[in-house]
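FYI, it's all coordinate maths here, none of it is from the lab. As the structure is a computational prediction, the values presented were derived from the model and not from experiment. Counting neighbours? That spans all protein chains shown, and the Cβs are built from the backbone with ideal geometry, glycine included.
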Amino acid sequence: MPVHDNLNPHSEAHLNGPLFQNALTTMREAAKIINCDPNIMERLTKPRRCITVSVPVRMDDQSVKVFTGYRVQYNATLGPYKGGIRFHHNVDLPEVVGLAALMTFKNSVLGLPLGGAKGGVCVDPTKLSRNEKQGLTRRYTSEISHFVGPTKDIPAPDVGTDPQTMAWFMDTYSQEQGGYAQPGVVTGKPVEIGGSLGRNHATGLGVIYTCERAMEMKGATMKGARIVIQGFGNVGSFAAKFATERGSRVIAVSDVSGGYFNGDGLNIIEMIEYAKTNKSLEGYTKAQKISNADLLELDCDALLPCALEGQIDTHNAEKIKAKFIVEGANGPMTNAATKIIHQRGIHLVPDVIANGGGVIVSYFEWVQDIMSFFWDEADVDTKLKGIILKAYDNVYKFQAEKQTDMRSAAMAVSIQRLEKAMLLRGLYPR
Ligand code: NAD
């Protein structure tokens, strides 16, 4: 079995990625606020297990290509490991370690009974045929199958993977378990094989639930608010739709083709249809074209970055005019920019809470699969609202009491929960 556990203390290259280093900085600052036990911090700053596998695939031309895959199981104190699988040409072990750490802290701050993990294969999935992608998914699943399972580690889709990929994952695992259907091994599946209603729009809806609550706390309201959204994919387009339904004016959105502005409010339903038909907003003419950089600096009530990492940094943090920033994307703001945004009195809903809707409904999917009893969409949306707002309120209260920023507060609340659980469980063997 080609497994390399993280047992060699001299081989720490996998801990040096920028994402993980950023997370470590936030963790250490947060640990100071709560005076976290240093022995717990020592354990929390290392992944529990890093699995590297070779994934041979027979390509359509009959040649065999070997791809490299990973599954990093960061921390399982609170429950089975949970986190997505990414198929992307930039996937490497340091990136997967950083993403697995973020999942650990996200699941903890959201109050879910889940640990944190992440997986991926270094591959450009757009260059694979459907057949090759299926072969890759099935062999990757098989290579990590000893480490996953409904009570062990439950993957989900991420960049480059989708419900179909999860269906192949579930089928491969089930075949290897004697052919008995095991829907609880993976979430983000199609509804027909145990997926949850409401999963598709969950992240965008969570962004809007938390945006609405943040505004309420500051005496503002979504009705009539001017909203700017970077990214018009799954998260950004649903956030735009739900904002419009609450009477907000979405004045600008962007995607890879650039930004689109209309001060009176964009026709979001039409733009969603346009993007579906044309694969992007390229060529949409019923709005003024602006750059992505200009979009971030527009005068508005709330800015929702829902595209990429590192979009708000020290170069533009001083120029942001929004009163609220709600992070639909993972890591859209650097640590240094977070300090500037906090000093300027802009209210931030950090990524671990704002985009938590996806993993919350993934958790619901796992629960429904275990019970073999499925909820309707309204039930899913209501339960999502309860969990995400409770997490927001906890973190808001903590930052107000400790006079810190929302990102540090979210990390501190997360570490506090993990610390209590780790102290209760103790250190095996003693
Ligand atoms: P997606 O691929 O559906 O959409 C991404 C969008 O960003 C697309 O509209 C794309 O055109 C746009 N984009 C790409 N480059 C851009 C650029 N340079 N400028 C402006 N826009 C650009 O992805 P998604 O699922 O919507 O995820 C977006 C972010 O949210 C990612 O950071 C992801 O990790 C995070 N996230 C997603 C979920 C989920 O459930 N989908 C859950 C949690 C976090």
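In this label model, V159 and A13 are separated by 2.1 nm, measuring between points 7 Å along each Cα→Cβ vector. Ranking L295, I269, I227 by how far each Cα lies toward the positive end of the dipole of the range 200-306 (charges on Cβ) leaves I269 at the top. Think of the chain as a dipole: +1 on every Lys or Arg Cβ, -1 on every Asp or Glu Cβ, centred on the Cα centre; then among A167, G98, Y428, Y428 lies furthest on the positive end.
Each residue, E176 and Q288, gets one label point 7 Å from its Cα in the Cβ direction; the gap between the two is 5.6 nm. Computed across the range 13-178, the Kirkwood radius stands at 16.4 Å (inverse of mean 1/r, all Cα pairs).
Between S142 and E309, what FRET efficiency follows from the Cβ-Cβ distance if R0 is 22 Å, with the result rounded to 0.05?
0.10
The aspartates and glutamates whose alpha-carbon is closer than 15 Å to the alpha-carbon of K289, local same-chain residues fewer than 8 away aside, are D255, D264, E297. For the range 183-285, applying the loop criterion from DSSP together with a ceiling of 13 other beta carbons within 10 Å to the trypsin sites (Lys or Arg not before Pro) yields K218, K223, K279.
A straight line joining the Cα centroids of the range 84-125 and the range 305-334 runs 21 Å.
Stretched out straight at 0.36 nm per residue, the stretch from I370 to S280 would grow longer than its current Cα-Cα span by 28.6 nm.
Using a 10 angstrom Cβ neighbour count of at most 13 plus a DSSP loop assignment to flag exposed chymotrypsin sites (Phe, Trp or Tyr not before Pro), which longest range of the chain is free of such sites?
Working: sites that count: Y180, F373.
Longest stretch, sites excluded: 181-372.
Note the full-extension length gain between Q403 and E270 as 0.36 nm times their separation in residues minus their Cα-Cα distance, in nm to one decimal.
Extra length available between Q403 and E270 comes to 43.6 nm.
Anyone know which of V66, V235, V253 comes out most mobile in the 10 Å Cα GNM of the chain? Sorting by GNM fluctuation, first place goes to V66.
In percent, what relative contact order does the chain have, based on Cα pairs under 8 Å that are 6 or more apart in sequence? Taking the mean separation of contacting Cα pairs over the length of the chain, I get 16 percent. Report for the chain the percent antiparallel among DSSP-assigned beta bridges with both residues inside it, nearest 5. Here the antiparallel bridges make up roughly 50 percent for the chain. In a reduced charge model with +1 at each Lys and Arg Cβ and -1 at each Asp and Glu Cβ, the chain shows a dipole moment near 800 debye about its Cα centre. For T277, T141, T187, the sequence from fewest to most other C-beta atoms within 10 Å is T277, T141, T187.
Give me the log10 of I(q) over I(0) for the chain at q = 0.13 Å⁻¹, as the Debye formula computes it from C-alpha points; what are the numbers? Listed by q, the Debye log ratios stand at -1.18. Among the listed pairs K82/K218; K82/K276; K321/K397; K127/K385, those whose Cα-Cα separation exceeds 27 Å are K82/K218; K82/K276; K127/K385.
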